[in-house]
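Worksheet: one structure, shown below.
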Amino acid sequence: MSDVALESAVARPAVTDRAKALAGIALLDRIFFQVTRAAAVIVLVILGGVILSLVLGSLPALQAFGPGFLISQSWNPVTEKFGALPAIYGTLVTSGVAMLIAVPVGLGIATFLTELCPHRLRRPIGIAIELLAGIPSIIYGIWGLFVFAPFVQTYVQPGLISLFSDVPVLSSLFAGPPYGIGMLTAGFILAIMVLPFIASISRDVFETVPPVLKEAAAGIGCTTWEMMRYVVIPYTRVGVIGGVMLALGRALGETMAVTFVIGNAHKVSPSLLAPGTTISATIANEFTEAVGDVYTSSLIALGLILFLLTFVVLAIARYMLMRLERKAA
Amino acid sequence: MSLYATRRKRNSLATSLAWAAALFGIAWLFLILASLLYEGLRGLSLAVFTEMTPPPGSKGGLLNAIAGSLVMTAIGVAIGTPLGMLAGTYMAEYGRYTKLAMVVRFINDILLSAPSIVIGLFVYEVLVHPMGHFSGVSGAVALSLLVIPVVLRTTEDMLLLVPGSMREAAAALGAPRSHVVAHVAYRAAKAGLVTGVLLAVARVSGETAPLLFTALNNQFWSSDLLAPMASLPVVIFQFALSPYKDWQQLAWTGALLITAAVLALSITARALSAGRRKS
């Protein structure tokens with residue numbers, strides 16, 4: 001009898017201890033779950049906040065200029081008349097030049113890495129290309145300003161100007177004095193910056209091609225070129241386009257490298273050699289000097305346009321890459 | 001010419017173009033590194049690390065800029081890493097197939113490549129404008145917003161690599177869910193998680209645009225986080241665009257320092273994750 005009493009006296013606190021411990025653990029579990037979920041929600045809130053703050057910040061400018069803001073060429077801090085067209089134009093042109101150069105070269109590098117490169121060199125070369133993506137953009141800027149632009153000014157631009165001076169359309173594309181800095185130089189530096197993205201994404205998607213498809217192509221006697229052209233590229237088209245769009249998104253938003261070499265001229269000129277400006281370069285150059293609400297607000301409105309532009313491009317890129325992943329899975 | 005010869009010719013043309021493309025790509029890496037070494041090493045001296053940024057025409061170093069960069073990067077990483085890691089944990093461990101996770105994944109991918117200058121504008125609107133002045137804190141917050149997507153992405157990817165059977169084994173022993181995550185999944189993915197943080201540090205240590213109008217710049221030593229703060233990238237930006245030769249020299253030296261740091265970080269991160277893949 002006394003035994004039983006003793007036992008229950010010992011056991012009862014043990015049971016409640018255990019229950020308490022279990023409850024504690026369950027609570028800890030719930031807290032941990034809620035904390036991680038809250039963190040995920042915060043990420044959502046941040047993006048919402050970015051959009052909201054840009055919209056609120058750009059309201060004064062949009063109210064002052066209306067939709068004409070998008071097509072106006074004036075940029076005059078003194079009279080407080082602002083328009084986004086030169087910046088949008090410069091952004092699109094420099095990114096366009098960048099893609100024209102970077103897409104074929106990037107695909108070439110990806111082809112080289114998957115088909116031609118000796119196995120031993122594959123990793124080091126792949127890493128070297130990826131390191132190119134890690135170099136901060138301000139480094140591209142300072143290098144572009146002091147090393148690349150003078151080189152272009154002395155050796156490349158005079159040649160382009162005299163080469164195309166008699167060709168109808170191209171003569172206006174390559175017209176004017178060789179400044180060195182300008183939209184062509186900016187586009188070229190952008191091309192070098194986005195090259196690693198195109199190269200490494202294309203390499204990754206090329207590697208998703210089932211070996212049996214390539215073997216079949218080789219089996220019917222295709223050359224490497226024919227295999228790439230008729231088997232690999234069609235199979236990976238969606239992924240390659242996704243990678244290109246991702247690179248385009250980067251090129252559109254790139255700031256420092258472009259700011260150094262674009263020349264900061266608020267006008268739309270047909271010549272690629274002329275100085276221009278981009279949305280991000282305008283913001284970087286003028287934001288801290290902007291006085292007055294309309295000026296600041298116009299710059300924020302430019303930021304909103306840039307964000308929407310890159311958002312659309314990046315969303316398409318992600319959608320395409322996601323489709324490819326689903327296909328591979 | 002026979003069809004066969006044409007095809008062979010076209011093929012050798014295409015393959016030599018691919019070789020040329022690879023050479024072209026690597027050439028830029030070496031060209032940029034060579035000019036950085038050539039221009040930057042000339043200005044490298046002890047004074048760079050012990051003296052403040054000078055007014056034009058006199059001697060000086062980059063001490064306040066280096067310190068400012070370190071402080072803001074450290075705070076930015078300290079804010080961004082836990083947030084990114086917890087969100088990444090939710091995505092990989094709890095909400096793998098939920099709507100929330102899918103939306104966050106998409107949004108995070110957008111943030112990952114969103115123009116950093118837009119992040120700067122955002123922080124200006126939310127912090128700098130209400131406070132009324134530029135400050136080191138807002139610079140750090142801007143950097144933390146760039147850290148989050150990198151850490152979130154690598155955390156999720158690395159946790160997904162941890163085999164589910166390890167989690168099941170721990171759960172079968174009676175380990176609660178949070179313990180499974182903390183003691184099994186985190187431990188198994190440790191190298192990958194560190195890689196993510198290193199990549200994030202590498203990403204933000206060269207960022208200029210978001211600092212331009214959050215932390216601005218400071219010619220003097222500043223330990224006050226509520227005052228404008230100097231940082232290496234912004235000093236490089238300002239000095240490189242100036243007409244003074246000695247400022248431009250300091251800009252090159254600063255550029256060399258940043259690049260060396262960033263490349264060292266990304267090579268370390270790569271080595272870590274490569275070691276993991278082998279084991």
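Quick one: count up the residues across segment B:217-244 that are over 19 Å from the mean Cα position of the chain (by Cα) and part of a loop (DSSP other than H, G, I, E, B). Show your work before the answer.
Step one: list which residues in segment B:217-244 are over 19 Å from the mean Cα position of the chain (by Cα), which gives B:217-229, B:238-244.
Checking the rest, the ones that are also part of a loop (DSSP other than H, G, I, E, B) come to B:217-229, B:241-244.
Qualifying residue count, segment B:217-244: 17.
Does segment A:102-116 hold any residues that are over 15 Å from A:Gly243 (Cα atoms) and either open to solvent by 30 Å² or more (accessible area, probe 1.4 Å) or within 8 Å of chain B (Cβ to nearest Cβ) (or both), and which are they? Break it down stepwise before answering.
If we filter segment A:102-116 for residues that are over 15 Å from A:Gly243 (Cα atoms), which is where we start, we get A:112-116.
Listed by number, the residues that qualify are A:Phe112, A:Leu113, A:Glu115, A:Leu116.
Checking B:Thr50 against (1) β-branched (Val, Ile, Thr); (2) at pLDDT 90 or above; (3) surrounded by fewer than 17 Cβ atoms within 10 Å (Cβ to Cβ); (4) within 30 Å of B:Phe220 (Cβ to Cβ), only one condition comes out false. Which one?
Among (1) β-branched (Val, Ile, Thr); (2) at pLDDT 90 or above; (3) surrounded by fewer than 17 Cβ atoms within 10 Å (Cβ to Cβ); (4) within 30 Å of B:Phe220 (Cβ to Cβ), B:Thr50 violates only (2).
Taking segment A:23-81, which residues are open to solvent by 60 Å² or more (accessible area, probe 1.4 Å), more than 26 Å from B:Leu100 (Cα to Cα) and facing chain B (nearest Cβ under 9 Å)?
A:Leu56
Any chance you could count how many residues in segment A:234-271 are within 12 Å of another protein chain (Cβ to nearest Cβ) and without any contact (Cβ under 8 Å) to a residue 60 or more places away in the chain?
3
Checking B:Asn64 against (1) in contact with a helix residue (DSSP H, G or I) (Cβ under 7 Å, 6 or more places away or on another chain); (2) part of a helix (DSSP H, G or I); (3) in contact (Cβ under 8 Å) with a residue 12 or more places away in the chain, only one condition comes out false. Which one?
(1)
Count, please, the residues in segment A:268-310 that happen to be among the hydrophobic types (A, V, I, L, M, F, W, C) and either farther than 23 Å from A:Gly66 by Cβ or surrounded by fewer than 20 Cβ atoms within 10 Å (Cβ to Cβ) (or both). If you could, list the steps in order and put the result at the bottom.
Residues of segment A:268-310 that are among the hydrophobic types (A, V, I, L, M, F, W, C), as a first pass: A:268, A:272-274, A:279, A:281, A:283-284, A:287, A:290-291, A:294, A:299-302, A:304-309.
Filter once more, so that each one left must be either farther than 23 Å from A:Gly66 by Cβ or surrounded by fewer than 20 Cβ atoms within 10 Å (Cβ to Cβ) (or both): A:268, A:272-274, A:281, A:284, A:290-291, A:294, A:305, A:308.
So the count comes out to 11.
Under the condition of being of a type in the set (Gly, Ala, Ser) and over 21 Å from A:Glu286 (Cα atoms), which residue from segment B:212-226 is nearest to the other protein chains (Cβ to nearest Cβ)?
Just the residues of segment B:212-226 that are of a type in the set (Gly, Ala, Ser), to begin with: B:215, B:222-223.
Next, from what is left, pick out any that are over 21 Å from A:Glu286 (Cα atoms): B:222-223.
On the way: B:Ser222: 17, B:Ser223: 23 Å.
It comes out as B:Ser222.
Please list, ordered by first then second residue, the pairs with beta carbon atoms under 6 Å, 6 or more apart or interchain, first in segment B:253-264 and closer than 13 Å to A:Leu132 by Cα, second open to solvent by 10 Å² or more (accessible area, probe 1.4 Å) and modelled with pLDDT of 95 or more.
If the second residue must be open to solvent by 10 Å² or more (accessible area, probe 1.4 Å) and modelled with pLDDT of 95 or more, no pairs are left.
In segment B:78-129, how many residues are at the interface with chain A (Cβ under 7 Å from one of its Cβ atoms), free of Cβ contacts under 8 Å to residues at least 60 places away in the same chain and more than 18 Å from B:Leu160 (Cα to Cα)?
9
Listed here are the residues, each with its yes/no results for (1) farther than 29 Å from A:Val194 by Cβ; (2) open to solvent by less than 50 Å² (accessible area, probe 1.4 Å); (3) touching a strand residue (DSSP E or B) at 6+ places or on another chain (Cβ under 9 Å); (4) modelled with pLDDT of 95 or more.
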| position | (1), (2), (3), (4) |
| --- | --- |
| B:Val71 | yes, no, no, no |
| B:Glu93 | yes, yes, no, no |
| B:Tyr97 | yes, no, no, no |
| B:Met102 | no, no, no, no |
| B:Asp109 | no, yes, no, no |
| B:Ile117 | no, yes, no, no |
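Hey, can you tell me all the residues within segment B:75-123 that are among the hydrophobic types (A, V, I, L, M, F, W, C) and outside any helix (DSSP H, G or I)?
Going residue by residue through segment B:75-123, those that are among the hydrophobic types (A, V, I, L, M, F, W, C) are B:75, B:77-79, B:83, B:85-87, B:91-92, B:100-104, B:106-107, B:110-112, B:114, B:117-119, B:121-123.
Hit for segment B:75-123 is B:Ala114, nothing else.
What number goes with the only condition from (1) surrounded by fewer than 22 Cβ atoms within 10 Å (Cβ to Cβ); (2) more than 22 Å from B:Leu111 (Cβ to Cβ); (3) in contact (Cβ under 8 Å) with a residue 60 or more places away in the chain that B:Leu160 does not pass?
Of everything listed in (1) surrounded by fewer than 22 Cβ atoms within 10 Å (Cβ to Cβ); (2) more than 22 Å from B:Leu111 (Cβ to Cβ); (3) in contact (Cβ under 8 Å) with a residue 60 or more places away in the chain, B:Leu160 misses just condition (2).
Considering only segment A:270-289, state which residues are among the polar types (S, T, N, Q) and at pLDDT 85 or above. I'd like the intermediate steps shown before the answer.
First, pick out the residues of segment A:270-289 that are among the polar types (S, T, N, Q): A:271, A:277-278, A:280, A:282, A:285, A:288.
Correct list: A:Ser271, A:Thr277, A:Thr278, A:Ser280, A:Thr282, A:Asn285.
Does segment A:119-127 contain at least one residue that is more than 10 Å from chain B (Cβ to nearest Cβ) and over 15 Å from A:Arg203 (Cβ atoms)?
Within segment A:119-127, one or more residues are more than 10 Å from chain B (Cβ to nearest Cβ) and over 15 Å from A:Arg203 (Cβ atoms).
Against the definition (within 25 Å of A:Val240 (Cα to Cα), touching a residue at least 12 places away in the same chain (Cβ under 8 Å) and facing chain B (nearest Cβ under 8 Å)), how does A:Thr91 come out, yes or no? Let's see the steps before the verdict.
Working: within 25 Å of A:Val240 (Cα to Cα): yes; touching a residue at least 12 places away in the same chain (Cβ under 8 Å): yes; facing chain B (nearest Cβ under 8 Å): no.
No.
So which of A:Ser172, A:Ser200 is polar (S, T, N, Q) and within 14 Å of another protein chain (Cβ to nearest Cβ)?
Values: A:Ser172 fails: within 14 Å of another protein chain (Cβ to nearest Cβ).
Selected residue: A:Ser200, the only one of A:Ser172, A:Ser200 that is polar (S, T, N, Q) and within 14 Å of another protein chain (Cβ to nearest Cβ).
Please indicate, with yes or no, whether at least one residue in segment B:76-84 is surrounded by 24 or more Cβ atoms within 10 Å (Cβ to Cβ) and of a type in the set (A, V, I, L, M, F, W, C).
At the first step, the residues of segment B:76-84 found to be surrounded by 24 or more Cβ atoms within 10 Å (Cβ to Cβ) are B:76, B:80, B:84.
Going one step further and asking which of them are of a type in the set (A, V, I, L, M, F, W, C), we end up with none.
No - not one qualifying residue is present in segment B:76-84.
Consider only pairs whose beta carbons are under 8 Å apart and that are at least six residues apart or on different chains; among these, list those whose first residue lies in segment A:193-212 and is touching a residue at least 24 places away in the same chain (Cβ under 8 Å) and whose second residue is of a type in the set (Val, Ile, Thr) and assigned to a loop (DSSP other than H, G, I, E, B).
A:Ser202/A:Thr236; A:Val205/A:Thr236; A:Phe206/A:Thr236; A:Thr208/A:Thr236; A:Val209/A:Thr236
The values are calculated or read from the model by the stated rules, or taken from the named source; none is laboratory data. Computed from a prediction, not measured in an experiment: that's the story for all the values here. Using ideal geometry, Cβ is built from the backbone for each residue, glycine included, and neighbour counts are taken over all protein chains shown. All accessible areas refer to the heavy atoms of the entire protein, side chains included, with ligands and DNA or RNA removed. Shrake-Rupley method; radii C 1.70, N 1.55, O 1.52, S 1.80 Å.
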